[in-house]
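Here the structure is laid out as structure tokens; the discussion comes afterwards.
The values are calculated or read from the model by the stated rules, or taken from the named source; none is laboratory data. Everything numeric here is computed off the predicted structure, so don't read it as measured data. Heads up, the Cβs are rebuilt from the backbone with ideal geometry, glycines too, and the neighbour counts pull from every protein chain shown. The accessibility values were calculated without ligands, DNA or RNA, using every heavy atom of the protein model including side chains. Shrake-Rupley method; radii C 1.70, N 1.55, O 1.52, S 1.80 Å.
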Amino acid sequence: MKRTKTSLALGAGVAALLWTGLAQAQTVDPQTAAEPEAEAAPEPPSPPASAPTLSDQIAAGRLLLEVRGRYEQVDQTRTAALREAGQAFTVRTRLGWETADFNGFKGLIEFEDVRQIGPEHFAVNVPGALTPPLNGADKARYPVVNDPDVTELNRAQLTWTPNADLQVIAGRQRILLDDQRFVGNVGWRQDEQTFDSVRADFALGRVKGTYAYVTHINRILGEMKDWDSDSHLLNVTWSPAEALRLQGFVYALDFGNSAINSSITKGGKASGKTWLGLYQLAYSATYAVQSEYRGNTAAFDLAYVGADVAGTFDIYTVKLGYESLEGNGTRGFTTPLATVHAFQGWSDAFVSAGGNKSFADGIEDKNISFNAKPRFRRTWLFNTDLIVRYHDFDDQRTGADLGSEWNAQFTAALTPKLSIQLKYADFRREATVPAGTLAPPASRSKAWLTLEYKL
């Protein structure tokens, strides 16, 4: 009982202490109470950023500047008319501006100028033409180097990109399709080939395609030999896997002032690459048929077959290639819009009357190339690339041996914006061919030294 009373007394005491503390905590001396902090006035919201205007986006664009200087030397079998070797030192300058994006639109304008520095010891002419050189009849004593003096509007285009799956480009533009075997910009020559065209690039899943309607071809000889055009280009690719890429194409070419180069070409291509351990294997196979279009020429039907396989290990690649361009003795399979310098040898020996790289009997080209990308540990010599290639040419119609060609090229970057290239081509024709076979072109060797700056 005594313990109970003691517990009750302790509990009452604790309760009294707690009550007293709470009462004191609730009593505030007005003289000593801290004044409450005034809340900071909210800052007014920033005004919304104004949308960029068209002039803003033009000014926010980028400068386009390229300068390419080149020395070219040509030594060709002499004739009664062709009596001297040719040489040319030319400088090409491109200057332009591309705007920034404005509501899905971009504009681009670019001018191009090509100038010969020093004596003009070369002829400018349509390849295979029997007419006097375009730069003067007295230049017939020199081989052809098709880099005439020219100043022109190279590109002027408007690009609309409404979404990731569609892009439309209208105006004078560059068109490169696949490996440029059928459509390209002939980028090797100083005056670039461009197209006055409306073009649409589209995508739907693994299917991608390009359609272009072309009204004018701005060719590599300035405005002297441009083509008026009513042509359609269609190329569609389905890529189900890295090892398989299927492509179909139709190129319907109608040139109002060059009927001989008009044709329609339909074809397909399969290509891909895969890895076998440390080795990468790549392949491609193309088949196409070509015929007359809209009655521009007499009726003809010619076929094209191309195939190659390449193996890469580390910095080394070996490639085996084969091309067959059928000929009927009057004309051969042609690709008038292609970057043809990359095919059938860099000497560009084989040409047709229409200026194409072709042969009326047709050409079979078996070639092998070796490519290496050395890793030089220098700040002024990097991204190096070395190519050596050998071609063996046969007459497609008769099977006769026409000749062979060696090619070699070395390219390197001297700085991130300046590169150098050394290049050589040597074509040797067969001295005689069987009766019924067209005579092959004359033997020739060519050498180039190129310096190129790109901003």
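Quick notes on this structure:
- Considering region 205-223, and only residues there that are open to solvent by 40 Å² or more (accessible area, probe 1.4 Å) and not in a strand (DSSP E or B), the residue that is nearest to Pro240 (Cα to Cα) turns out to be Arg206.
- When residues of region 142-170 are limited to those that are without any contact (Cβ under 8 Å) to a residue 40 or more places away in the chain and in a strand (DSSP E or B), the one least open to solvent (accessible area, probe 1.4 Å): Ile169
- Flag for Phe249 being in a strand (DSSP E or B) and either open to solvent by 30 Å² or more (accessible area, probe 1.4 Å) or farther than 18 Å from Asn185 by Cβ (or both): no
Conditions (1) more than 30 Å from Gly306 (Cα to Cα); (2) modelled with pLDDT under 95, marked per residue:
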| residue | (1), (2) |
| --- | --- |
| Ile109 | yes, no |
| Val126 | no, yes |
| Thr131 | yes, yes |
| Asn154 | yes, no |
| Ile175 | no, no |
| Phe182 | no, no |
| Asp196 | no, no |
| Asp201 | no, no |
| Gly209 | no, no |
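- Qualifying residue in region 174-193 (condition: in a strand (DSSP E or B) and among the basic types (Lys, Arg)): no
- Members of region 232-274 that are among the aromatic types (Phe, Trp, Tyr) and closer than 21 Å to Val198 by Cβ: Phe249, Tyr251, Phe255
- Matching residues, region 301-356, being closer than 20 Å to Ser229 by Cβ and in contact with a His (Cβ under 8 Å, 6 or more places away or on another chain): none
- Hits in region 371-404 (condition: at pLDDT below 95 and part of a strand (DSSP E or B)): Phe382, Asn383, Thr384
- Qualifying residue in region 405-417 (condition: part of a strand (DSSP E or B) and open to solvent by 60 Å² or more (accessible area, probe 1.4 Å)): yes
- When region 252-270 is limited to residues that are aliphatic (A, V, I, L, M) and assigned to a strand (DSSP E or B), the one that is surrounded by the fewest Cβ atoms within 10 Å (Cβ to Cβ) turns out to be Ala270.
- Residues located in region 62-84, provided they are surrounded by fewer than 17 Cβ atoms within 10 Å (Cβ to Cβ) and assigned to a loop (DSSP other than H, G, I, E, B): Thr77, Arg78, Thr79, Ala80, Ala81, Arg83, Glu84
- Tallying residues that are open to solvent by less than 40 Å² (accessible area, probe 1.4 Å) and either over 31 Å from the mean Cα position of the chain (by Cα) or free of Cβ contacts under 8 Å to residues at least 60 places away in the same chain (or both) within region 420-432 yields 1.
- Some residue of region 120-139 being within 22 Å of Glu98 (Cβ to Cβ) and surrounded by fewer than 15 Cβ atoms within 10 Å (Cβ to Cβ): no
- Tallying residues that are touching a residue at least 24 places away in the same chain (Cβ under 8 Å) and open to solvent by 70 Å² or more (accessible area, probe 1.4 Å) within region 433-446 yields 1.
- When the residues of region 230-246 are filtered to those that are under 16 Å from Phe182 (Cα atoms) and of a type outside the set (A, V, I, L, M, F, W, C), the one that is most open to solvent (accessible area, probe 1.4 Å) is His232.
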